[in-house]
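Scroll down for the structure; my scribbles are underneath it.
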Amino acid sequence: MFDLWNAIKKHRFEEEVKTIEEEINRSKRYNYTFGIFVVDMSERAPRGVSRLLPGRAISFHLIRKYIRGYDKLFGPYFRRYYIILPQSDRNGLNAVKQRIHWLAEENGWGELSIGEALYDEDGKSAQALLDKAISRLSG
């Protein structure tokens, strides 16, 4: 059972790395930057959809609504989401970060931690970008 669990975790992380590598190749070709967010929800955040607490449950679709149509969102993976923001600079990352914090506050999700990384300022490989974003998770 433990081996199956590790295989699922490894496969999931490989999907994000593959998508980031594709974005790196696209960025090199068209000469633009992109950003990555790693968002960790607190343990106190509501789970799933509840009829008794409408609007309080964390929703993949609600987060999707507050990012651009071509941004890539992965999750939830445990209490973590990964967001890839093509064609974004540091100002764009900060704007989306503020939107996500507002969304969490508005929906009563409790504290959340967001780590970000910008290609190629913070790293030139998918793993380096993920490591930088994870290291910047606050709390």
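Kindly indicate the residue of segment 13-57 that is at pLDDT below 60 and either part of a helix (DSSP H, G or I) or of a type in the set (A, V, I, L, M, F, W, C) (or both) and also surrounded by the fewest Cβ atoms within 10 Å (Cβ to Cβ) among those meeting that condition.
Leu52
From the residues in segment 89-139 that are of a type in the set (Ser, Thr, Tyr) and in a strand (DSSP E or B), which one is farthest from the chain's Cα centre (by Cα)?
Selected residue: Tyr119.
Do we have Arg90 as at pLDDT below 90, closer than 23 Å to Phe34 by Cα and of a type outside the set (A, V, I, L, M, F, W, C) here?
Taking the combined requirement at face value, the residue does not satisfy it.
Looking at Lys10 and the list (1) modelled with pLDDT of 60 or more; (2) in a helix (DSSP H, G or I), which single condition is not satisfied?
(1)
Does segment 64-88 hold any residues that are aliphatic (A, V, I, L, M) and more than 10 Å from the chain's Cα centre (by Cα), and which are they?
Ile67, the sole residue that qualifies.
Taking segment 75-108, which residues are of a type in the set (A, V, I, L, M) and under 18 Å from Ser125 (Cα atoms)?
Ile83, Ile84, Leu85
The values are calculated or read from the model by the stated rules, or taken from the named source; none is laboratory data. These figures come from a predicted structure and were not determined experimentally. Positions of Cβ are generated from backbone atoms using ideal geometry, with glycine treated the same way; all protein chains shown enter the neighbour counts.
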